[in-house]
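The values are calculated or read from the model by the stated rules, or taken from the named source; none is laboratory data. This structure is a prediction, so every number in the text was calculated from the model and none was measured. Ideal geometry is used to build each Cβ from the backbone, glycine not excepted, and the neighbour counts take in all protein chains shown.
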Amino acid sequence: MFYFDEINGKKVLRSDIIKTEHFFTTRESVIKTKEPEYEKFAAENLREIKEYLRVKNLLTPSQTHTSNVEIVTEGNFDYPDTDGLILTDKENAIYLNFADCTPLIIYDKKLNIGAVSHAGWRGTAGRIAAKTIKKLVTDFGSNPQNLTVAIGPAISLCCYNVGEEVFEKLKSTVENFEGLYERRNGDIFVDLKGINERQLKECGVKEIDVCPYCTVCDNDMFFSYRKENATTNRHSAVLKLL
């Protein structure tokens, strides 16, 4: 279940399924922006969150809507063309940024390792959720049944209409697409959170918490690229290991 908490009096969103330090930032706790009026506020929040986490580095990749997944390595601060980042050490924390796309925070409760992945329609079509799970399994020996996943705030079925080409690409990523789309007055609406949840289940992941918040409907709490005319403000998914 998702619930709101605070860091230095600023609202963040957590899931009780993830048993390590994690959260999704909100408008109050924004740490990623290119908007001049937000830059000072975001920089202050970033500093406060780094102090709160007590880490050497708070790392983020250069996201380009790929399905590429990388592992954080000692001394490496640059992760280009990367939309999934795996964390295995306690000295650093990681975050990725979102404004309608689907955030995934993944945690292996037995091995104490985790990942954050960014699943927009391109990442979802590229099966980044499944690729992140596969990398945890092949590189670290994770058992999917020991993995817990929080699927964070994103544009939801109510608001996410796509064209036929995108629809067909998303449809091909899971064995059963039933219940993951609706046709309304000639338009196609898809459930990105639900598609990623189904990809995870097909990988053997059983413990999944799906956030009820839609970035368009709940735009007072989260940023929306579509609703806010291509805003550069982002909410973030943050992970630190115990």
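Total residues in segment 20-65 satisfying the condition of being polar (S, T, N, Q) and either surrounded by fewer than 18 Cβ atoms within 10 Å (Cβ to Cβ) or without any contact (Cβ under 8 Å) to a residue 12 or more places away in the chain (or both): the figure is 3.
Across segment 118-149, the qualifying residues are those that are out of contact with any Pro (no Cβ under 8 Å at 6 or more places or on another chain) and of a type in the set (G, A, S), and the one among them that is farthest from F223 (Cα to Cα) is G141. Per the conditions (1) in contact (Cβ under 8 Å) with a residue 40 or more places away in the chain; (2) outside any strand (DSSP E or B); (3) out of contact with any Asp or Glu (no Cβ under 7 Å at 6 or more places or on another chain); (4) small (G, A, S), the sole criterion not satisfied by G123 is (3). Of the residues making up segment 147-165, those that are surrounded by fewer than 17 Cβ atoms within 10 Å (Cβ to Cβ) and either part of a helix (DSSP H, G or I) or of a type in the set (A, V, I, L, M) (or both) are E164, E165. Looking at (1) under 14 Å from D100 (Cβ atoms); (2) surrounded by 21 or more Cβ atoms within 10 Å (Cβ to Cβ), which one does M221 not meet, given that it meets all the others? Among (1) under 14 Å from D100 (Cβ atoms); (2) surrounded by 21 or more Cβ atoms within 10 Å (Cβ to Cβ), M221 violates only (2). Here I188, I195 are screened, and the one residue that is surrounded by fewer than 21 Cβ atoms within 10 Å (Cβ to Cβ) and not in a loop (DSSP other than H, G, I, E, B) is I188. Return a yes/no flag: does segment 20-32 have any residue that is in contact with a Gly (Cβ under 9 Å, 6 or more places away or on another chain), modelled with pLDDT of 95 or more and either on the phi > 0 side of the Ramachandran plot or among the polar types (S, T, N, Q) (or both). Scanning segment 20-32 turns up at least one residue that is in contact with a Gly (Cβ under 9 Å, 6 or more places away or on another chain), modelled with pLDDT of 95 or more and either on the phi > 0 side of the Ramachandran plot or among the polar types (S, T, N, Q) (or both). If you filter segment 100-128 down to residues that are over 19 Å from Y160 (Cα atoms) and among the small types (G, A, S), you find that the one that is farthest from the chain's Cα centre (by Cα) is G114. Listed by position, the strands (runs of 3 or more DSSP E) inside segment 1-101 whose residues that are touching a strand residue (DSSP E or B) at 6+ places or on another chain (Cβ under 6 Å) and among the basic types (K, R) number at least 2 are 10-15. When segment 127-141 is filtered for residues that are surrounded by 15 or more Cβ atoms within 10 Å (Cβ to Cβ), part of a helix (DSSP H, G or I) and either out of contact with any helix residue (DSSP H, G or I) (no Cβ under 9 Å at 6 or more places or on another chain) or not small (G, A, S) (or both), the ones remaining, listed by number, are I128, K131, T132, I133, K134, K135, L136, V137. Put simply, of S224, S236 the only residue that is hydroxyl-bearing (S, T, Y) and assigned to a strand (DSSP E or B) is S236. Picking from residues in segment 73-99 that are surrounded by fewer than 24 Cβ atoms within 10 Å (Cβ to Cβ) and of a type in the set (D, E), the one that is farthest from the chain's Cα centre (by Cα) is E74. Across segment 224-237, the qualifying residues are those that are surrounded by fewer than 22 Cβ atoms within 10 Å (Cβ to Cβ) and not acidic (D, E), and the one among them that is nearest to A93 (Cα to Cα) is N233.
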